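In what follows, a structure is listed as structure tokens, so that the remarks can point back to it.
The values are calculated or read from the model by the stated rules, or taken from the named source; none is laboratory data. What you are looking at is a predicted structure, and each value in this text was computed from that prediction instead of being measured. Here the Cβ is made from the backbone with ideal geometry for all residues, glycine too, and neighbour counts use every protein chain on show.
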Ligand code: ATR
């Protein structure tokens, strides 16, 4: 690993645009990766309310790339020059690449989720139950469906769940009917279990059995009540940093063309998660 160099007049700038971003872990993760490769670049967080103005700023200042987070993932699309087909289909951009002045919108959550799963289990032909029907569920559902999984969406509000299932051309299951379904992989995309209400779990513990792989996208805390119950039940688990780090790794590779140092990126995030332990 090369030493972190200080910024100078030739440094490239990358950033995350969102609101809020004060607690974003993207800067420590990406700066660790940039430093690992000795690249003359820095990554900063900007709290942005007017996303259109911020995109004009990216263009005016030649900023090389940006992560886009809540609440701008959909609204940002209209300001870009090109949207790749995956981002267009799910209707969300979380990555901008500045290709010599052309701003291209992509989505790294899709591959980030599939890569996180693949580190523990192959999704193809598996029965995957996704709990929740928000933006994260849409990106993950799209990714695992295209990876060949048999996907079912379960959601508290049936209309929202039915709509997402229809968009993805997958099944819908009312949350109350979970007991009847056979599952290979369960993925929680809801905020249930997130700090500070950490005792809550999105599904009853008794649906968990040892052959199920359980993934949570919450990383505060890293070991959610769901993952604790899964471990007790003998399941293999995938924590919320897996998707976060993998989507960041994909962004890093798109921006720099270098191999993302996954372990270093995860370590940088863990060092900065202290407050949640
Ligand atoms: P994101 O875009 O980050 O995925 P979101 O759009 O706010 O987040 O989606 C949150 C998901 O978590 C929704 O599916 C929501 O269910 P509803 O459609 O019924 O609102 C689900 N969710 C949030 N709080 C929940 C709770 N207490 N119990 C069950 N599901 C919950």
*Does residue 137 satisfy being within 11 Å of the ligand (Cβ to nearest atom), within 19 Å of residue 244 (Cα to Cα) and part of a helix (DSSP H, G or I)?*
yes
*asked:* Restricting to the stretch 16-52, count the residues that are under 16 Å from the mean Cα position of the chain (by Cα) and closer than 18 Å to residue 103 by Cα.
replied: 3
*asked:* Quick check on this structure: which one of 83, 104, 97, 90 is within 15 Å of the ligand (Cβ to nearest atom) and either within 14 Å of the chain's Cα centre (by Cα) or under 25 Å from residue 260 (Cα atoms) (or both)?
replied: 90
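Would you point out which residue out of 121, 190, 152 is within 21 Å of the chain's Cα centre (by Cα), in contact (Cβ under 8 Å) with a residue 40 or more places away in the chain, on the phi < 0 side of the Ramachandran plot and within 16 Å of the ligand (Cβ to nearest atom)?
On inspection, the qualifying residue turns out to be 190.
Going through 128, 140, 217 one at a time, which residue ends up being under 22 Å from residue 88 (Cβ atoms) and either surrounded by fewer than 22 Cβ atoms within 10 Å (Cβ to Cβ) or touching a residue at least 24 places away in the same chain (Cβ under 8 Å) (or both)?
On the way: 128 fails: under 22 Å from residue 88 (Cβ atoms); 217 fails: under 22 Å from residue 88 (Cβ atoms).
One residue alone meets the criteria, 140.
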_Restricting to the stretch 50-71, and then to whatever is surrounded by 14 or more Cβ atoms within 10 Å (Cβ to Cβ) and closer than 25 Å to residue 145 by Cβ, can you tell me which residue is nearest to the ligand (Cβ to nearest atom)?_
69
*Quick one: residue 258 ticks every box in (1) more than 16 Å from the ligand (Cβ to nearest atom); (2) surrounded by fewer than 23 Cβ atoms within 10 Å (Cβ to Cβ); (3) part of a strand (DSSP E or B) bar one, so which box is it?*
(3)
*Could you tell me which residue of the stretch 97-124 is surrounded by the most Cβ atoms within 10 Å (Cβ to Cβ), considering only residues that are in contact with a helix residue (DSSP H, G or I) (Cβ under 6 Å, 6 or more places away or on another chain) and farther than 17 Å from residue 148 by Cβ?*
109
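If a residue must be more than 20 Å from residue 168 (Cα to Cα), in a loop (DSSP other than H, G, I, E, B) and either assigned by TED's automatic domain parsing to the domain that holds residue 155 or touching a strand residue (DSSP E or B) at 6+ places or on another chain (Cβ under 7 Å) (or both), how many such residues does the stretch 86-121 contain? Write out each step before concluding.
Applying the first criterion (more than 20 Å from residue 168 (Cα to Cα)) to the stretch 86-121 yields 95-105, 116, 118-121.
Add one more test, that the residue is in a loop (DSSP other than H, G, I, E, B), and what stays is 100-101, 119-121.
Restricting the remaining residues to those that are either assigned by TED's automatic domain parsing to the domain that holds residue 155 or touching a strand residue (DSSP E or B) at 6+ places or on another chain (Cβ under 7 Å) (or both) gives 119-121.
Counting residues in the stretch 86-121 that are more than 20 Å from residue 168 (Cα to Cα), in a loop (DSSP other than H, G, I, E, B) and either assigned by TED's automatic domain parsing to the domain that holds residue 155 or touching a strand residue (DSSP E or B) at 6+ places or on another chain (Cβ under 7 Å) (or both) gives 3.
Of the residues 249, 229, 176, which single one is surrounded by fewer than 22 Cβ atoms within 10 Å (Cβ to Cβ) and either modelled with pLDDT of 95 or more or within 18 Å of the chain's Cα centre (by Cα) (or both)?
Working: 249 fails: surrounded by fewer than 22 Cβ atoms within 10 Å (Cβ to Cβ); 176 fails: either modelled with pLDDT of 95 or more or within 18 Å of the chain's Cα centre (by Cα) (or both).
Selected residue: 229, the only one of 249, 229, 176 that is surrounded by fewer than 22 Cβ atoms within 10 Å (Cβ to Cβ) and either modelled with pLDDT of 95 or more or within 18 Å of the chain's Cα centre (by Cα) (or both).
Return yes when residue 48 is in contact with a helix residue (DSSP H, G or I) (Cβ under 6 Å, 6 or more places away or on another chain), without any contact (Cβ under 8 Å) to a residue 60 or more places away in the chain and closer than 18 Å to residue 242 by Cβ and no when it is not.
Details: in contact with a helix residue (DSSP H, G or I) (Cβ under 6 Å, 6 or more places away or on another chain): yes; without any contact (Cβ under 8 Å) to a residue 60 or more places away in the chain: yes; closer than 18 Å to residue 242 by Cβ: no.
No: the conditions fail for residue 48.
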*If we scan the stretch 199-208, do we find a residue that is surrounded by fewer than 16 Cβ atoms within 10 Å (Cβ to Cβ) and closer than 23 Å to residue 273 by Cβ?*
yes
*asked:* Among the residues of the stretch 143-157, what is the count of those that are surrounded by fewer than 24 Cβ atoms within 10 Å (Cβ to Cβ), in a helix (DSSP H, G or I) and either at pLDDT below 95 or touching a strand residue (DSSP E or B) at 6+ places or on another chain (Cβ under 6 Å) (or both)?
replied: 1
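Would you call residue 60 out of contact with any strand residue (DSSP E or B) (no Cβ under 7 Å at 6 or more places or on another chain) and either over 22 Å from residue 243 (Cβ atoms) or at pLDDT 95 or above (or both)? Steps first, please.
Details: out of contact with any strand residue (DSSP E or B) (no Cβ under 7 Å at 6 or more places or on another chain): yes; either over 22 Å from residue 243 (Cβ atoms) or at pLDDT 95 or above (or both): yes.
Taking the combined requirement at face value, the residue satisfies it.
Answer with yes or no whether residue 210 is assigned to a loop (DSSP other than H, G, I, E, B), farther than 25 Å from residue 254 by Cα, at pLDDT below 95 and more than 13 Å from the ligand (Cβ to nearest atom).
Values: assigned to a loop (DSSP other than H, G, I, E, B): yes; farther than 25 Å from residue 254 by Cα: yes; at pLDDT below 95: no; more than 13 Å from the ligand (Cβ to nearest atom): yes.
No, not satisfied.
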